[in-house]
1. From zero up to wherever the largest Cα-Cα distance of the chain sits, split into 20 Å bins and tell me the percent of pairs in each.
2. Could I have the simple spin-label model distance between residue 44 and residue 215, label points 7 Å from Cα toward Cβ, reported in nm to one decimal?
3. Report the full-extension gain for the segment residue 194 to residue 153: residue separation times 0.36 nm, less the Cα-Cα distance, to one decimal in nm.
4. Using the beta-carbon distance between residue 55 and residue 312 and R0 = 25 Å, what value does 1/(1 + (r/R0)^6) give for FRET efficiency, to the nearest 0.05?
5. Listing 306, 166 from the residue with the fewest other Cβ atoms within 10 Å to the one with the most, what is the order?
6. According to the square roots a ≥ b ≥ c of the eigenvalues of the Cα gyration tensor, what is the shape class of the stretch 2-160, taking rounded for a/c under 1.5, prolate for a/b larger than b/c otherwise, and oblate for the remainder?
7. In degrees between 0 and 90, to the nearest 10, how far off the longest principal axis of the chain does helix 103-114 point, with axes built from Cα atoms?
8. What does the helix-only formula give at 222 nm for the chain: each DSSP H stretch with n ≥ 4 adding -39500 (n - 2.57), the total divided by the residues, and the result rounded to the nearest 500 deg cm²/dmol?
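Just so you know, all these numbers are worked out from the coordinates, no wet-lab data involved. Note that this is a predicted model, so its numbers are computed, not measured. Every residue, glycine as well, gets a Cβ built from its backbone with ideal geometry; the counts of neighbours run over all protein chains shown.
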């Protein structure tokens with residue numbers, strides 16, 4: 001996959017490209033369906049399959065107070081786009097200036113700089129300032145600029161279209177099975193392992209304390225089962241997310257206990273794949289009661305790991 005961080009100099013000639021545009025936060029199953037259709041259309045027309053995406057998220061620029069918590073990092077998003085089979089990804093820095101572009105300017109740029117012959121989008125798509133470039137406007141522009149517009153029906157779960165917003169609600173609200181169903185994979189957090197207060201190790205359950213990007217969507221407080229990858233493959237892990245109310249509370253932490261592992265992970269960059277929420281966070285009446293609950297969590301995690309597979 002070719003990765004660009006700006007529009008190329010110009011590709012108006014040749015067979016051209018099939019283009020799709022979006023934030024693609026999470027690259028959920030709806031995004032995956034759209035990207036698959038783009039790839040298929042490009043193969044049929046012997047054209048290049050192109051995805052244009054933005055960083056930061058446009059809403060964080062246009063309406064900072066409504067900036068959504070992100071489902072994946074930019075690196076993770078690019079990796080998922082690569083896995084979709086797209087030929088080229090163009091990451092455009094989203095700025096106030098760009099938010100003021102007209103639909104006409106945007107469409108003309110896509111034709112002149114990417115050789116766009118076909119624009120494939122979802123049914124509610126619009127681009128340009130104030131979302132002026134709806135599907136009807138884009139179809140008219142296409143007749144003038146030499147491209148066509150095609151829509152791809154959204155993927156659905158529980159009768160409703162899958163969206164990044166729905167996935168965020170499921171992650172933050174604790175309905176984790178719904179989130180994974182819409183993502184089509186475990187939910188992944190990345191971070192650097194930093195030193196904590198050592199309470200887990202003191203109870204015989206050492207944890208890797210992840211310093212997670214504060215812009216990420218953090219799951220509802222509780223205990224989760226999943227896997228941790230620190231460069232040596234995926235290892236089964238039980239993870240606590242929350243404020244540690246048994247010890248008086250505090251800021252939200254993400255602490256993963258890697259089963260059957262005794263190595264030092266401090267300073268390591270890790271990926272944490274969460275697959276199931278085991279229970280909610282609670283304050284225990286004693287350290288003994290907390291240790292007993294943690295032992296049950298670990299055995300539950302071990303049992304689930306036996307019957308499932310780590311991320312590919």
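1. Values per bin, smallest distances first: 30, 49, 20, 2.
2. A separation of 3.7 nm, rounded to one decimal place.
3. Numbers: separation 41, 0.36 × 41 = 14.76 nm, distance 4.37 nm.
Between residue 194 and residue 153, full extension yields an extra 10.4 nm.
4. On the way: r = 25 Å, r/R0 = 1.02.
Computed FRET efficiency for residue 55 and residue 312 comes out at 0.50.
5. Working: 306 8, 166 19.
Lowest count first: 306, 166.
6. Details: a/c = 1.32, a/b = 1.14, b/c = 1.16.
Rounded, since a/c falls under 1.5.
7. Roughly 90 degrees, rounded to the nearest 10.
8. On the way: 10 runs with 101 residues, N = 312.
Counting only the DSSP helices, I get -9500 deg cm²/dmol.
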